[in-house]
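J.: I have a structure here, written as structure tokens, and I will follow up with some questions on it.
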Amino acid sequence: MDWASVPNPSQLPAGDWGNPLDGPPQHEPGDIGQVPPLRYLPLQTQEREIRILYLRGRYGGNDIPSGILRHESLDSKPQYIALSYVWGDQTERLPIFLNNHRFFVGLNLYSALEHLQQRAGSQDLFLAIWIDAICINQADNTEKSSQVQIMGDIYSSSLFTLSWLGPEADDSDLAIKALDYIGEQCGELSDGPALQERCELFTKILPSDQSSPSLHFPVEAVVALLSRPYWRRIWIVQEVILP
């Protein structure tokens with residue numbers, strides 16, 4: 001992933017972690033049972049409020065993802081990015097810390113949060129991001145309904161949508177580089193049909209000379225990447241196109 005496209009993390013005032021504990025969490029996985037569960041405060045729907053996660057940067061090798069949930073009105077034009085991802089199997093969930101309370105997320109989202117922490121880097125920096133599984137109280141059907149009604153505004157008001165396809169696997173890094181190359185080459189072609197130019201481009205990218213492995217386009221890697229569950233999501237068009 002090219003983290004250069006992600007907004008620079010920012011600092012938040014001290015004392016913003018919330019009760020019952022003061023300061024950034026210092027818990028270990030074995031302490032989970034001693035930490036109270038997160039309880040959402042209601043959103044002010046008439047103010048078009050949403051919750052934004054301020055994800056704290058990683059400061060240790062084994063620290064659990066943690067952050068601050070804040071209420072923000074869309075009318076105040078808060079700066080944040082939106083995450084597009086697959087919920088996946090929710091039978092196994094891992095703990096994170098929000099406002100110094102425990103909260104459980106699915107494995108795919110947990111992996112995304114770990115990678116996003118790399119962008120913030122320092123424990124004193126926070127990345128502002130909207131994630132539906134965290135920023136919407138999934139146990140409150142009334143809230144879910146009201147948030148779905150402004151979902152288009154949530155995505156279109158974000159700086160951009162970050163698509164999390166999952167961890168690297170099946171040469172996915174190679175597939176992304178190959179697709180980036182195709183995009184760059186197509187972008188240099190003239191406007192209009194240019195069918196012949198495009199045919200020539202793909203003839204070069206997909207050579208028929210199978211005796212030259214260095215010329216091989218990573219077909220299997222690209223197919224594996226484009227076969228991931230992410231591309232079968234109903235919401236994918238709205239999440240990616242609106243911003």
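J.: Based on alpha-carbon centroids, what's the gap between region 98-119 and region 132-148 in Å, whole number please?
T.: Using only Cα atoms to place each centre, the spacing works out to 18 Å.
J.: Please give the per residue accessible area of region 73-121, computed with a probe of 1.4 Å over protein heavy atoms only, in Å².
T.: Each residue of region 73-121 exposes 42 Å² on average to a 1.4 Å probe.
J.: Also, quick follow-up: How much FRET efficiency would the formula 1/(1 + (r/R0)^6) give for H71 and K177, where r is the Cβ-Cβ distance and R0 is 45 Å, rounded to 0.05?
T.: Computed FRET efficiency for H71 and K177 comes out at 0.65.
J.: Dividing the Cα convex hull volume of region 74-186 by residue count, how many Å³ per residue is that?
T.: Spelled out: Cα convex hull of region 74-186, divided by residues, is 159 Å³.
The values are calculated or read from the model by the stated rules, or taken from the named source; none is laboratory data. For clarity, every value in this text was computed on a predicted model and none was experimentally measured. So basically every Cβ, Gly included, is an ideal-geometry build from the backbone, and we count neighbours across all protein chains shown. Surface accessibility is based on the protein's heavy atoms, side chains included, excluding ligands, DNA and RNA. Shrake-Rupley method; radii C 1.70, N 1.55, O 1.52, S 1.80 Å.
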